[in-house]
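To start, the structure itself, in structure tokens.
Just so it is clear, none of the values below were taken in a lab; they were calculated from the coordinates. Quick caveat: nothing in here was measured; it's all calculated off a predicted structure. As a convention, Cβ positions derive from the backbone with ideal geometry for all residues, glycine included, and neighbour counts pool all protein chains shown.
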Amino acid sequence: MRLLKFILVLVVGCALCASFFLYLPYGPATETFVEIPAGMSRLQIARRLQRQGIIRSALAFDALVLWNSLRGHGAASLENGEYRFDHPARMEEVFDRIRRGDVYTVTLVIPEGFNIFDIANAVAAAGLDSRADFLRAEQMDTQLISDWVPPGQARSLEGYLFPDTYKFSRHAGARVMLRTMVRQFRLQARRLGMTPAEAPRVVILASLVEKEVHLDAERPEVASVFENRLAAGMPLQTDPSVIYASLLRGAWTGVIHQSELRSDSEYNTYTHSNLPPGPICNPGVASLRAALHPARTNYLYFVADAKGSTRFAATLDQHNANVASYRASARR
């Protein structure tokens, strides 16, 4: 009888102990980050979690991992990465997060039309890197696009940092982010059927289209205007390229001045009758597709109307009439 009571007390004690370690919430009340490097054993992981106050017992956590593995849940594989804990939690919740690889990431949104300066500002705002370090890295890492742009011709990665929503580790660094964005560009370019040989010209043209129009349906027509003007030996006369020249010089004030329209910059499409030497922003899929497949038109001019749409014209007289109509609507 005494042995039976002893066994009963032992079982109850073990159950209470297991409940204490496994089911009662424990952990930090404030934000705590735990880095789990690749190759770390489950017991090493458990000890790190205990040392940083995430779990009560490393041994209990190790036993939980082993138990789930024996049950065939494939739980022996714990994912490396950085984890964020900000509230007390049951040990099983901690275990499940690490098993699933619920690592902490910072979201970085790069809209279509962002240039390298815009992206650098977004990176800095997200706390992922400094603006200066990002801009320095993107000029140093032009070899990332060496199979798309002939060696020595790429001045930066402008145009090849694909607009998308990214999730990065806090410690990713500029080079990891740049490689990821270029990799996404490659993926999209191949889906569009773009070849490396045609990429430099297509991306430059797409960047101009991206900055000049906001409606996807109008992008092929805007691309056709640029192609028609190039074929006729006419300057493109697109303001966004003039603005970009000022951005490169660090002289952009928010207003285009006459001196900028007369500058000898290769990006000044008022004084040069060809494409700029490089992209002026990072275009999205719609603009890349439009540059690859421009509409067939005889248009040489375009201007936005009061409703935000674009009016196209084949002659200067038609264009002047469209401009006059726009100005009259704007005065109402």
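From its DSSP helices (H runs of at least four residues, each -39,500 (n - 2.57)), the chain gives a residue-normalised ellipticity at 222 nm of -15000 deg cm²/dmol. Between Leu66 and Glu35, the FRET efficiency estimated from the beta carbon spacing at R0 = 22 angstrom works out to 0.45. For the range 199-331, the equivalent ellipsoid derived from the Cα gyration tensor has semi-axes of 21, 19, 15 Å, listed largest first. With N the number of residues in the range 22-100, Rg(Cα) / (2.2 N^0.38 Å) evaluates to 0.99.
Sorted from longest to shortest, the spans of the Cα atoms of the chain along the three principal axes equal 110, 49, 37 Å.
When +1 charges are put on Lys and Arg Cβ atoms and -1 charges on Asp and Glu Cβ atoms, the dipole computed for the range 29-108 relative to its Cα centre reaches about 280 debye.
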